[in-house]
Amino acid sequence: MPIAVDIDVMLARRKMSVGELADRVGITPANLAVLKNGRAKAVRFATLAALCDVLECQPGDLLRWEAEDTAGA
């Protein structure tokens, strides 16, 4: 997946647990884990905005694009 999710980086910087972030954002810890581990197919802008509000960051601090490795193709 060319989009990498760096929620764990921001959690460490803010010294916050996944459970606390999930509670403050208003999503389940399981859904946050799916997003955090890069298994989500989509994220709602409202959820992204809530994550940024709670973590006091910009969307680009949580999501970044990585080129796919095409060497083996």
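Structural remarks
- For the chain, size of Cβ-based charge dipole, Lys and Arg +1, Asp and Glu -1, in debye: 200
- Couplings 3J(HN,Hα) of the stretch 34-39, computed from phi: 4, 5, 4, 8, x, 9 Hz, in residue order, whole Hz [Karplus 6.51 cos²θ - 1.76 cosθ + 1.60, θ = phi - 60°; x for Gly and Pro].
- Electrostatic bookkeeping for residue 13 treats Lys and Arg as +1 and Asp and Glu as -1; over the other residues with beta carbon under 11 Å from its beta carbon, the sum is -2.
- Rolling a 1.4 Å probe across the protein heavy atoms gives the chain an accessible surface of 68 Å² per residue.
- Heavy-atom SASA rank of 68, 20, 56 (probe 1.4 Å, accessible area, largest first): 56, 68, 20
- Shape call, the stretch 11-61: gyration tensor on alpha carbons, a/c limit 1.5: rounded
- Accessible surface of the chain [probe 1.4 Å, protein heavy atoms]: carbon and sulfur percent: 52
- Residue 63 long-range amide H proximity, modeled H, under 5 Å: 6
- For the chain, calculated [θ]222 nm from helices alone, where every DSSP H run of n ≥ 4 adds -39500 (n - 2.57): -14000 deg cm²/dmol
The values are calculated or read from the model by the stated rules, or taken from the named source; none is laboratory data. Quick caveat: nothing in here was measured; it's all calculated off a predicted structure. Neighbour counts are summed over all protein chains in view; Cβ atoms, including those assigned to glycine, are modelled from backbone coordinates with ideal geometry. Only protein heavy atoms, including side chains, enter the accessible area calculation; ligands, DNA and RNA are left aside. Shrake-Rupley method; radii C 1.70, N 1.55, O 1.52, S 1.80 Å.
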